[in-house]
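Report on the structure given below.
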Amino acid sequence: MTILVLNGVNLNMTGRREKDVYGTQTLRDINDRIEHYAEKLGITVKFFQNNLEGELCTAIQSAEGKYDGIILNAGAFTHYSYAIRDAIASVSVPVVEVHMSNVHAREEFRRNSVLTPVCRGEILGFGANSYILALESFLL
Ligand code: DQA
């Protein structure tokens, strides 16, 4: 099983931005942990982060036939990107939406995700462990 871990806008700043919300681990640290965990589960993981909406759409489109699933933290795009939503809807690869923070306990605008309706499921609020839980969901 091969899973693509896709991170969107500002996730490259993890560990440096809003540490009280997102923690002090960098995206590299988090990805290393995911990779280590995936190895134990016998899952191959690939990683991609980009700040541009179109790049994320291209990554999702290109995942068709190549990956068994996508773990997606689209960052703020989650709340308004119909382009990413349409990209997810255009492929048969299951996408699990992930957020490190509990978006429902934060600002009003974060409560709505335009992506959730086209995702297989959503995991949020467990910090970097949200990615690990998402990984496990592909084994259920
Ligand atoms: C986030 C939540 C989003 O609202 C925010 O814009 C992010 C990170 C999270 O992982 O908690 O950039 O997706």
### Message
Going by Cα centres, segment 98-126 and segment 1-76 are how many Å apart?
### Response
16 Å
### Query
Say we join alpha carbon atoms closer than 10 Å with springs in a Gaussian network model of the chain; which of G121, G65, G75 then has the biggest fluctuation?
G65
### Message
What does the charge count around I70 come to, taking other residues whose C-beta lies under 11 Å from its C-beta (Lys +1, Arg +1, Asp -1, Glu -1)?
### Response
0
### Query
Dividing the Cα convex hull volume of the chain by residue count, how many Å³ per residue is that?
93 Å³
### Query
To the nearest 0.05, how large is the calculated FRET efficiency for L139 and S62 if R₀ is 30 Å and r is the Cβ-Cβ distance?
0.80
### Query
Under a point spin-label approximation (7 Å from Cα along Cα-to-Cβ), what is the D29-D86 distance to one decimal in nm?
3.9 nm
### Query
Restricting attention to segment 5-114, which trypsin sites (Lys or Arg not before Pro) occupy a DSSP loop and are surrounded by at most 16 other Cβ atoms within 10 Å?
R16, K66, R106
### Summary
For K66, counting only lysines whose alpha-carbon sits under 25 Å away and dropping same-chain residues fewer than eight positions off, the answer is K40, K46
### Task
Treat every Asp and Glu Cβ in segment 72-140 as -1 and every Lys and Arg Cβ as +1, leave all other atoms uncharged, and give the resulting dipole magnitude about the Cα centre to the nearest 20 debye.
40 debye
### Query
Say a paramagnetic label sat at a point 7 Å from the Cα of A76, along Cα to Cβ; which residues of segment 90-111 have their backbone N under 19 Å from it?
98-111
## Note on the structure
N102 and L52 label points (each 7 Å along its Cα→Cβ direction) are spaced in nm at 3.7 nm
### Task
Return the calculated 222 nm mean residue ellipticity for the chain, to the nearest 500 deg cm²/dmol, obtained by summing -39500 (n - 2.57) across DSSP H runs with n ≥ 4 and dividing by the residue count.
-9500 deg cm²/dmol
### Task
Counting other Cβ atoms within 10 Å, keep those with at most 16, restrict to DSSP loop, and tell me which GluC sites (Glu not before Pro) in segment 1-98 are left.
E18, E64
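None of the figures in this text is laboratory data; all of them are computed from the coordinates on show. Since the structure is predicted, the reported quantities are computational estimates derived from the model, not experimental observations. A quick note on method: Cβ atoms are made from the backbone with ideal geometry, for glycine too, and the neighbour counts reach across all protein chains shown.
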